[in-house]
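The values are calculated or read from the model by the stated rules, or taken from the named source; none is laboratory data. All figures in this text were calculated on a predicted structure; none of them were measured in a lab. Here the Cβ is made from the backbone with ideal geometry for all residues, glycine too, and neighbour counts use every protein chain on show. What goes into the accessible areas is simple: the full protein's heavy atoms, side chains included, and nothing from ligands, DNA or RNA. Shrake-Rupley method; radii C 1.70, N 1.55, O 1.52, S 1.80 Å.
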Amino acid sequence: MGTLIGVVLPVFLVIGFGFAAARFGKISEGAVDGLMRFAQNFALPCLLFRAISELDLAAGFNLPLLASFYAGALAGFVVGIAGARILFRRPWEDAVAIGFLGMFSNSLLLGLPITEQAYGTGALTGNFAIISVHSPFCYAVGITVMEVVRNRGQSKRLLTLHVLQGMASNALIIGIACGLVVNLSGIPVPTVLSEAVDLMARAGLPAALFALGGILMRYKPEGDMLTICFACSLSLLLHPLITYGLGRSFGLDVDALRSATVTAAMAPGVNTYIFANMYGVAKRVAASSVLIGTALCVLTAWFWLSVLP
């Protein structure tokens, strides 16, 4: 339990620094919004580009592992949309953002260090396989469904055009696509450019977490607590439950089952707020779910670690 708290606490502290800075007027709302735009449109795309451009795609590919994890992720997405619409009467756009909370677990900031602390560095192969396609898969699904919902009622041709435009104009998708091009083509990246991209990439996650803390000052969970609890339950309970069950049925080895289940059991990542912020929907639910889910993750991760072999 102490190890889990040690992994989660730095995330909380960076969010807390942003919250305190906004609370005591040390940073304006405009500056917080600008910082989030910097992370969302520049630093995080650089992070995704670097991660994917250098990844050994063939070495990490494990179809039963990925099927177990992403079937659970898709289930969280679908159940999240359905629950938001049926149980909480949210607009379709809000429902898609809430579904995204159930799909995009914090595989990098939480899943990787918790797996390493629990099982050692030798158990991380599955984590890296999941991370290699995590952002491309989740953003492709989320953006496609959001664009379909936003442009519903249009002809199939126009709808397809809007979906493609939404994908092509998204900085995160552009970063992922450029990383894949470099990876698959073997195009060398000049050292000067590589170092510049690395500088940007290192700023991405801390900037996003700090900005999220400032944003939480505006979006109190009042009135949305049931929706937030629902979203957290998708991420912390439904996703890992399905992943664990499928992993056992597919006969995953112990290391792969651990990687898939622990990663699935992580709280919603900061990217879930970034997704909601891109479309201006369900931002209070997303911001609060990241914070509350990360806190609850200490207990739920301890449970899943005790269940796993």
Using DSSP loop states and a limit of at most 15 other Cβ atoms within 10 Å to flag trypsin sites (Lys or Arg not before Pro), what is the longest stretch of the chain containing no flagged site?
219-309
Selection of GluC sites (Glu not before Pro), the range 1-101, meeting DSSP coil and at most 15 other Cβ within 10 Å:
Glu54
Calculate, for the range 127-229, the solvent-accessible area per residue in square angstrom, rolling a 1.4 angstrom probe over the heavy atoms of the protein chains.
50 Å²
J(HN,Hα) series, the range 28-39, from Karplus relation 6.51 cos²θ - 1.76 cosθ + 1.60, nearest Hz, glycine and proline x:
7, 4, x, 5, 4, 4, x, 5, 5, 5, 4, 5
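Would you mind telling me the share, in percent, of accessible area of the range 248-309 contributed by carbon and sulfur at probe 1.4 angstrom?
Percent of accessible area from carbon and sulfur atoms in the range 248-309: 59.
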Using the Cα gyration tensor of the chain, with a ≥ b ≥ c the square roots of its eigenvalues, what is the shape: rounded (a/c below 1.5), prolate (a/b larger than b/c) or oblate (neither)?
rounded
State the percentage of accessible surface on the range 28-121 attributable to carbon and sulfur atoms; use a 1.4 Å probe and exclude ligands, DNA and RNA.
64 percent
Compute the distance in nm between two label points, each set 7 Å from the Cα along the Cα-to-Cβ direction, one at Ile174 and one at Leu158.
2.6 nm
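Can you sort Cys297, Cys46 by solvent-accessible area, 1.4 Å probe, largest first?
Solvent-accessible surface, decreasing: Cys46, Cys297.
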